[in-house]
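Trainee: The structure's right below; bear with me while I get my questions together.
The values are calculated or read from the model by the stated rules, or taken from the named source; none is laboratory data. Note that the coordinates shown come from a computational prediction; the quantities given were computed from them, not determined experimentally. For neighbour counting, all protein chains shown are included, and Cβ atoms are generated from backbone atoms with ideal geometry for every residue, glycine included. The accessibility values were calculated without ligands, DNA or RNA, using every heavy atom of the protein model including side chains. Shrake-Rupley method; radii C 1.70, N 1.55, O 1.52, S 1.80 Å.
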Amino acid sequence: MPGHLPDATDPEAAARGLNAPPLGGIQRLSALDTVRARIALAVELGLLAPGERLPPTDEIAAALGVGDITVRRALASLHADGVLERRRGRTGGTLVAERPAKGTVTEAAAYRAAAAEVHRLIDHRLVLECGIAHLAALQAGEADLDALDRLVGEMDAAGSWTEFRSHDERFHLAVAEATGVAYAAAPYGAVLQDLYRYYLPYPLDTLQRSNCEHRALVDALRRGDPVGATEVARQHVDQLHRTMFVGLMDDAGAEAAG
């Protein structure tokens, strides 16, 4: 594709092209492969249980940031790999196989190899989120707080990990908007999007427990308590080091070593 080659008439552009770091990790994966890897890894880590029904494909597509056709193709291939199964009838659909094959989706290795990048992104989010929480406690208005309360309620009522994921992103961006700082949401949203590239399906009860921290943050904002809000934000993001898949893999490795 000529548009992606350095301009031979521009020595500086050519040098930039030659010196550019090679694509690595998940950047090498197609959209189809990222869906395969994320669902397979969630199954291998026990985040999706045998017999669990997956949400509709359009919801999975929205949660994982890909197209509906891509999800359909990925699910079909995972069915062929023995990770998923299909059942007919009113109680049917696409489910995790009762005895899902493990280790058959080689694309998952790219996610396993990305632990350092994920931890770096979490630390970046920690710095931003603590500052945002502090400012929001000083600046949030009643309308901001009411909107955050509604989003907490929507997450409590979410029926699937896909639905929760949508409300979660809206909640955190709304906290950034509540700071009153015009450009707070853009850099913070970029870090969220980078992290969401590594998002895996999680058990709904785990996600709803994290919503207790969302509620505690809103309570601190209502009190106008910047110290309390910052501490809730710190604990909320720090938990990602343990609950995102990199932390789960570390725990599994420690148990195996023990």
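Trainee: Filter segment 162-186 for residues that are in contact with a Leu (Cβ under 7 Å, 6 or more places away or on another chain) and of a type outside the set (A, V, I, L, M); which is nearest to Ile60 (Cα to Cα)?
Mentor: Checking each candidate, the answer is Phe164.
Trainee: Report yes if some residue within segment 55-78 is in contact with a Gly (Cβ under 8 Å, 6 or more places away or on another chain), open to solvent by 10 Å² or more (accessible area, probe 1.4 Å) and closer than 27 Å to Leu192 by Cβ; otherwise report no.
Mentor: Here is the first cut: in segment 55-78, the residues in contact with a Gly (Cβ under 8 Å, 6 or more places away or on another chain) are 61.
The next check asks that each one be open to solvent by 10 Å² or more (accessible area, probe 1.4 Å); those that pass are none.
Within segment 55-78, none of the residues are in contact with a Gly (Cβ under 8 Å, 6 or more places away or on another chain), open to solvent by 10 Å² or more (accessible area, probe 1.4 Å) and closer than 27 Å to Leu192 by Cβ.
Trainee: Another question, then. Which numbered condition in (1) modelled with pLDDT of 85 or more; (2) outside any helix (DSSP H, G or I); (3) surrounded by fewer than 17 Cβ atoms within 10 Å (Cβ to Cβ) is the only one that Leu23 fails?
Mentor: (1)
Trainee: Report, by residue number, each residue of segment 148-160 that is in a helix (DSSP H, G or I), over 15 Å from Ala216 (Cβ atoms) and touching a helix residue (DSSP H, G or I) at 6+ places or on another chain (Cβ under 6 Å).
Mentor: Glu154
Trainee: Cβ contacts < 8 Å: first residue small (Gly, Ala, Ser), restricted to segment 205-217; second residue at pLDDT below 90 and not in a helix (DSSP H, G or I), any location; separation 6+ or different chain. Result?
Mentor: From residues that are small (Gly, Ala, Ser), the pairs are Ser210/Gln239.
Trainee: Check Asp168 against each of (1) touching a His at 6+ places or on another chain (Cβ under 9 Å); (2) charged (D, E, K, R); (3) surrounded by fewer than 21 Cβ atoms within 10 Å (Cβ to Cβ) and name the one condition it does not meet.
Mentor: (3) is the only condition that Asp168 fails.
Trainee: Confirm whether Ala140 is open to solvent by 10 Å² or more (accessible area, probe 1.4 Å), small (Gly, Ala, Ser) and more than 30 Å from Pro50 (Cβ to Cβ). Quick ask: steps written out before the conclusion?
Mentor: Working: open to solvent by 10 Å² or more (accessible area, probe 1.4 Å): yes; small (Gly, Ala, Ser): yes; more than 30 Å from Pro50 (Cβ to Cβ): yes.
Answer is yes for this residue.
Trainee: Restrict the check to segment 177-185 and report whether at least one residue is modelled with pLDDT of 95 or more, open to solvent by 20 Å² or more (accessible area, probe 1.4 Å) and in a helix (DSSP H, G or I).
Mentor: Among the residues of segment 177-185, at least one is modelled with pLDDT of 95 or more, open to solvent by 20 Å² or more (accessible area, probe 1.4 Å) and in a helix (DSSP H, G or I), which makes the answer yes.
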